Structure formats: structure tokens, C-alpha cells
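Asker: I have a structure here, written as C-alpha cells, and I will follow up with some questions on it.
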């Protein structure tokens, strides 16, 4: 299995496809084992490197708290390991936060940047505090996540939109799956790093063309947060899509447009 040793941890990664070099950074709690559908369009168009974040999947389990700066350093260390001086970067949700931190810390390493359903953090625009849901029982947490993933998702809406109901069912299955103490520790550490994310006053140093993509009905990273990013990154544009936090599977135009932007 391919691993990169970075900052005393082993990051599991996969490299697939051919074309322009692209680093893919996943969302909260997500691992490569469950990301095949999302990765597939990028694999078809890019030489893509994707990895399990520290404490998750097949990477080294969490041994203590860390910050978004540590996450960005992990990404930069992985680029060093595969021999990429620079590349395109796409970050989803939490991954978009890591991508922002990477781009403000190492702007010379990011050629093009796509930020999906994410937030700049702090007073500029923080995402919903998902760490606060940890105290709820599984049923209450799942119900609240349905409300957040897309603010339209009422029982009446879902009854009339079977594809959205299928998304909710998939999410419920994922949330209800049993997790080891090791996984729960890794997810909690990631949520704590997410809670501290705040890059708003540094976004102006990002020099590359940037696409900020937001779902119109996202209750986790509202479109206003995407607008705040786009207003602060000099070469950024904001595109709104029909959907919520998972707009990239709800709106069929989203992934082709994102892929096309990154491929320019």
C-alpha cells in the first residue's frame, strides 16, 4: 500500500488517472474507501492524488489534537512525497478548508483551486458547528443532519423527490454504521480542527484562478460563506448550484463544470 511519512504520521494515499496533476482533499469523516463515486470524474481527467486524512481510514490513528495548519502541512508533505512542486487542488467541505490553508501558506504550489461547499471560518463565515452534534443520540443526530444537508429536506419535499430521498437514505446508512473507538477519536480530532478554522483575513494572498462552488440550500456551508471567499480571493468566481451540501451529486451540471475549470 502507498504511504507517505509526514510529520511523524503515515498518510495512506492513492494515485490514479492521467493528465494534469490534481490533489483531492476529502470532507469531514470521509475516507478513500467510500469516495469512489466522487473521485471517478476526476480520475477520468487528471493524474489525481487523494488520501486519507490523519486519524482516518488507513492513515495513522490520531494521537492527539491538531490544527488546520497541520492538515495543510500534511497535504504539502504528500506533494513532496510524490514529487509535485505544484498542482491543481480540489477540496470538499472540510477538505476545502484544508485547501484554503494550503493555498494561503504555499500559494506558489497551487496552480488552480476548486473549493466545494466550504467556508472561510471565523467571523468571515463559519460552517455549522458539527462538533456540537456529537452529544446527540444517533437518531437525533441523523435527523439534524438531514435538515442541514439541504434546508429544503422536509418530509413533504423528500416524498416528492425520490433522488433526494435516496441521498438521505445513503447518509443515514453511513451515519448509523458502527465505528470503533479509534475511528471516533479520529473524527473528533478532525471536527476540533474544523472548529478552529479561520482563514478569512489571509485569503487575499491566494494568487491562482479559483472556483468557489456552493449549494443554494446548504445548511452546513451556506452560499454566503462561499461568497465571502470569492470576494477575498483576487482571481475567484462563485458558482451556485441546485442542491445543498452535496450539490455535486444533486446538480448534474456541477461536476462537469468543476472538472472543466480545473482542466483549463
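Asker: Within the stretch 120-145, how many residues turn out to be surrounded by 11 or more Cβ atoms within 10 Å (Cβ to Cβ) and part of a helix (DSSP H, G or I)?
Answerer: 14
Asker: Pick from 95, 91: which is under 18 Å from residue 187 (Cα atoms) and not in a helix (DSSP H, G or I)?
Answerer: 91
Asker: Let me ask something else. Scanning the stretch 245-256 for residues that are surrounded by fewer than 17 Cβ atoms within 10 Å (Cβ to Cβ) and in contact (Cβ under 8 Å) with a residue 12 or more places away in the chain, which turns out nearest to residue 45 (Cα to Cα)?
Answerer: Only one residue fits best here, namely 256.
Asker: Let me ask another. Which is in contact with a helix residue (DSSP H, G or I) (Cβ under 6 Å, 6 or more places away or on another chain), farther than 30 Å from residue 19 by Cα and either surrounded by fewer than 18 Cβ atoms within 10 Å (Cβ to Cβ) or modelled with pLDDT under 95 (or both), of 175, 158?
Answerer: Criteria check complete, one pass: 175.
Asker: So residue 218 fits all but one of (1) closer than 25 Å to residue 131 by Cα; (2) in contact with a strand residue (DSSP E or B) (Cβ under 7 Å, 6 or more places away or on another chain); what number is the exception?
Answerer: Here residue 218 meets the rest and fails (2).
Asker: Only one residue in 240, 191, 203 is in contact with a helix residue (DSSP H, G or I) (Cβ under 6 Å, 6 or more places away or on another chain), closer than 18 Å to residue 93 by Cα and part of a strand (DSSP E or B), so which one is that?
Answerer: 240
Asker: Let me ask another. If you check every pair at least six apart or on different chains, which have Cβ atoms under 6 Å apart with a residue in the stretch 13-38 that is at positive phi first and a residue that is crowded, with 20+ Cβ neighbours inside 10 Å and modelled with pLDDT of 95 or more second?
Answerer: Listed pairs, sorted by first residue: 17/46; 17/48; 19/46.
Asker: Now a separate question. Considering every residue within the stretch 83-93, establish whether at least one is on the phi > 0 side of the Ramachandran plot and modelled with pLDDT under 95.
Answerer: no
Asker: What is the number of the single condition among (1) over 15 Å from the mean Cα position of the chain (by Cα); (2) closer than 23 Å to residue 22 by Cβ; (3) surrounded by 15 or more Cβ atoms within 10 Å (Cβ to Cβ) that residue 235 does not meet?
Answerer: (3)
Asker: For the stretch 41-79, enumerate the residues that are part of a helix (DSSP H, G or I) and in contact (Cβ under 8 Å) with a residue 40 or more places away in the chain.
Answerer: 41, 42, 68, 70, 71, 73, 74, 75, 77, 78, 79
Asker: Moving on to the next point. Going by what's in this entry, would residue 148 be described as in contact with a strand residue (DSSP E or B) (Cβ under 8 Å, 6 or more places away or on another chain), buried (at least 16 other Cβ atoms within 10 Å of the Cβ), in a helix (DSSP H, G or I) and at pLDDT 95 or above?
Answerer: It is false that residue 148 is in contact with a strand residue (DSSP E or B) (Cβ under 8 Å, 6 or more places away or on another chain), buried (at least 16 other Cβ atoms within 10 Å of the Cβ), in a helix (DSSP H, G or I) and at pLDDT 95 or above.
Asker: Let me ask something else about it. Determine, yes or no, whether residue 221 is in contact (Cβ under 8 Å) with a residue 40 or more places away in the chain, closer than 30 Å to residue 105 by Cα and out of contact with any helix residue (DSSP H, G or I) (no Cβ under 9 Å at 6 or more places or on another chain).
Answerer: no
The values are calculated or read from the model by the stated rules, or taken from the named source; none is laboratory data. Predicted model only: the values in this text are computed from it and were never measured. Every residue, glycine among them, receives a Cβ derived from its backbone with ideal geometry; neighbour counts consider all protein chains shown.
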